[in-house]
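The values are calculated or read from the model by the stated rules, or taken from the named source; none is laboratory data. Quick caveat: nothing in here was measured; it's all calculated off a predicted structure. For neighbour counting, all protein chains shown are included, and Cβ atoms are generated from backbone atoms with ideal geometry for every residue, glycine included.
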Amino acid sequence: MKAQKSIVWKESYPGIWKADIGQKQKHSLLQAAGGKVNLSALNQLPKTVFPLDKGTIEIKIIQGKTYLKLPLQQGEQLFGLGLNFQTVNQRGRILNLHMDHFGGKDNGRTHAPVPFYVSSKGYGVLIDAAQYITVYAGTGVRVDSKNPPELQDRNTNKKWSAQPYSDAVEVLVPANGTSLYVFAGPSPMQAVQRYNLLNGGGYLPPKWGLGFTQRVPTLYSQEDILKEVASFEEHDFPLDFIGVEPGWQSMSYPCTFEWDTTRFPTPKLFLAKLAEKGVSANLWLNPYVSPKSSLYPLVKNLTGSHTVWNGLVPDFTLAQTRQLYKNHFKKNHLDIGVGGYKIDEVDGYDNWVWPDVATFPSGTSAEEMRQIYGSLVQKMTADWYKEINKRTYGLVRASNAGSSHLPYIIYNDYYNHKDFITALVNSSFIGVLWTPEVRASKTAEEWIRRMQSACFSPMAMINAWADGTKPWTFPEVAEAVKEVANLRMQLLPYLYTTFAAYYREGKPPFRAMQLVDEFSDQNIQERGLLDATTNPYQMAIRKDIKDQYMMGDEILVAPMFAGEKSRQVILPKGKWYDFYSGEFVGENQLIQIEPPLEKIPLFVRDGGIIPMVPVHRQAPKQGERWPLTLQHYGQNPGAFTLYDDDGKSFDYEKGKFTLSKYSVQRNPQGKLVGNQAIQAPMSYLPEVRWVFMTK
Ligand code: GAL
């Protein structure tokens, strides 16, 4: 066929191949996110060859649209393709990747519609298109298929299915060109690492970002907030940063980005008082400009044809717009000590965000703007903090491919606890972070279960903007809530090292079991039985592993949900031990557990070493050196390389960090002994205490 394109694959970086197809487009997702490749880390990964049969990849451009076809093998599973909330394996699904809030169904409309998938066969594919693309992830069957499905007669064959076997991923890009990337593994994790490293790896949060955060009710004044901080002190509850919701602004929806002088008469003093308490402030905003803002007349000509809530929609692809925002935000926030932002509503609901017929002064289409807007705002604000050599850690409701290096965590208004965990699992495939934030609960049981999983996520947060909840809202479980928040604080050295591995090696800090090498390949598709009412076409029934995950290399987290007294946990190969008791729990098997209400089930692999510190309410301050305890699990020797630095600046980029390697060996008498690190960590005491958890 005439439209068929021959493909030129270029190995741009080790194990990463790129093909530019057809016309170069004005925007791409990776460009918008603006990451810089980490070549030296890519060089550390195994040397590989192109992971697919090149001859099976087909590209056509027909009437201004690009058609892509990529091969699939029998039994192969596909992960990623956006921040999904209910499903993990995407094979057999159709996704229209479209920036949006999550509307209750995994159909591609989500807060991070990332067009990247990683295969269980150990490779990844990115379609770097800033359009609403449709991915048929193994659904269509082509007449020219080399592996056609078996012909079956529904009259006589009980195994007939309306989804016959498909041997291809097909993608429709509504543009006359695009860029395609293929990432080698050899493992799924290594494919994800390469994808993240292409974009600079993960962001290394400031240490305070890993502490606890409370977002206060919308109309709280500066006095109310200072009282809130004092009550955290009184309750001896961890608190590193406070989230200030819309009421800090003189007007919101649309926004002025200027302080409300009745509720916040002295913002500079307010921030200084917070700083005295060791607490940083994070400000809520959406980027739509109110006519009442002094920024309004300045940006008027640099905004789109349509408004959002009567606010102007800035064209952030223009350097001039970004400069005006920078001036306004620096003066009003950064220069007086604001620690970061929560960037809301950049995902959109179709009925209030700009429509696809909107136009922008840069000539960027409304569709492209929708897909990249979240990335543009993240990059712009991240750059301001980088310039002043101060790390930030914030929240955003829209993101896309290539944003792992940006300091933002995704959240939303949806609230199903189980689906929140599935989103956490799925975030690891696509280079984004997600928080299962806690807002309110019907029962004390739900409250503690939600708090436990929030404390085992990238951001331990209560978002009380509407409900005014506090950690101690349910007195029956207040102690248990404090216990899990304290445990998170104790795990700070482990967590920080885990995030450093995201930055340095591209390894997602919270990751799906499907990315664990020792996780045996599960056969998770089951043939559905005919049921004329609920399953008339005998569609496959999925058994996704979506309610357990890894925090770093060593800890498996199996959260509990309200109403459930027991659950199953799938343990990967190797022996696994209970985090709290050190007892052996199983090996490459499915176990049934009945954990108490006050504990989130945690398991450590054999030989795992977990560095911990005594309970502290906040991340360490300048010059503090804390004692370290190293907990060893199981019978195997092990090693742990602890990463450390000043926890707040970018000086680590200039080599100001420490890597301290601790190890456990068996001595000639057969006893396990711990070895000191040669290089002492920057903010911990050189003498460590060893605890051998498994007796
Ligand atoms: C929502 C956001 C909430 C809260 C609220 C304030 O859109 O998702 O977390 O910030 O706005 O108006």
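Looking at (1) of a type outside the set (D, E); (2) within 15 Å of the ligand (Cβ to nearest atom); (3) assigned to a loop (DSSP other than H, G, I, E, B); (4) more than 20 Å from T307 (Cα to Cα), which is the only condition S403 fails?
Going through (1) of a type outside the set (D, E); (2) within 15 Å of the ligand (Cβ to nearest atom); (3) assigned to a loop (DSSP other than H, G, I, E, B); (4) more than 20 Å from T307 (Cα to Cα) one by one, S403 breaks only (2).
How many of the residues making up the range 454-468 are under 15 Å from the mean Cα position of the chain (by Cα) and within 13 Å of the ligand (Cβ to nearest atom)?
2
Does any residue in the range 430-443 that is over 28 Å from G506 (Cα atoms) and in a loop (DSSP other than H, G, I, E, B) come within less than 7 Å, Cβ to Cβ, of a residue that is within 16 Å of the ligand (Cβ to nearest atom) and basic (K, R) six or more places away or on a different chain, and which pairs are these?
That search, which allows pairs on different chains as well, returns S441/R450.
Could you pull out the residue among F264, F316 that is touching a helix residue (DSSP H, G or I) at 6+ places or on another chain (Cβ under 6 Å), part of a loop (DSSP other than H, G, I, E, B) and in contact (Cβ under 8 Å) with a residue 60 or more places away in the chain?
Numbers: F264 fails: in contact (Cβ under 8 Å) with a residue 60 or more places away in the chain.
The match here is F316.
Find all pairs meeting these conditions: Cβ atoms under 9 angstrom apart; at least six residues apart or on different chains; first residue within the range 216-231 and within 15 Å of A281 (Cβ to Cβ) and of a type in the set (G, A, S); second residue part of a helix (DSSP H, G or I) and within 15 Å of the ligand (Cβ to nearest atom).
If the second residue must be part of a helix (DSSP H, G or I) and within 15 Å of the ligand (Cβ to nearest atom), the pairs left are S221/G247.
Could you tell me how many of the residues in the range 23-65 are among the hydroxyl-bearing types (S, T, Y), surrounded by 12 or more Cβ atoms within 10 Å (Cβ to Cβ), over 20 Å from Q378 (Cα atoms) and within 24 Å of the chain's Cα centre (by Cα)? Give the steps one after another, and end with the answer.
To start, the set of residues in the range 23-65 that are among the hydroxyl-bearing types (S, T, Y) comprises 28, 40, 48, 56.
Subsequent filtering for residues that are surrounded by 12 or more Cβ atoms within 10 Å (Cβ to Cβ) retains 28, 48, 56.
Still in the running and over 20 Å from Q378 (Cα atoms): 48, 56.
Now narrow it down to the ones that are within 24 Å of the chain's Cα centre (by Cα): none.
Total satisfying the criteria: 0.
What pairs come up if the first residue lies in the range 277-302 and is within 16 Å of the ligand (Cβ to nearest atom), the second is assigned to a helix (DSSP H, G or I), and their beta carbons are under 7 Å apart, counting only those six or more places apart or on different chains?
A281/L271; A281/L274; L283/W248; W284/P246; P287/V377; S290/Y296
Can you work out which of the residues in the range 429-446 that are surrounded by fewer than 24 Cβ atoms within 10 Å (Cβ to Cβ) and away from the ligand (no atom under 14 Å from the Cβ) is nearest to P188 (Cα to Cα)?
E446
What single numbered condition from (1) out of contact with any Asp or Glu (no Cβ under 9 Å at 6 or more places or on another chain); (2) of a type in the set (F, W, Y); (3) at pLDDT 95 or above fails to hold for F519?
Going through the list (1) out of contact with any Asp or Glu (no Cβ under 9 Å at 6 or more places or on another chain); (2) of a type in the set (F, W, Y); (3) at pLDDT 95 or above, F519 breaks only (3).
Is it the case that Y220 is on the phi > 0 side of the Ramachandran plot, within 16 Å of the ligand (Cβ to nearest atom) and hydroxyl-bearing (S, T, Y)?
Working: on the phi > 0 side of the Ramachandran plot: no; within 16 Å of the ligand (Cβ to nearest atom): yes; hydroxyl-bearing (S, T, Y): yes.
No, not satisfied.
Scan the range 244-261 and give yes if some residue there is away from the ligand (no atom under 16 Å from the Cβ), among the aliphatic types (A, V, I, L, M) and either in contact with a helix residue (DSSP H, G or I) (Cβ under 9 Å, 6 or more places away or on another chain) or under 25 Å from K379 (Cα atoms) (or both), otherwise no.
no
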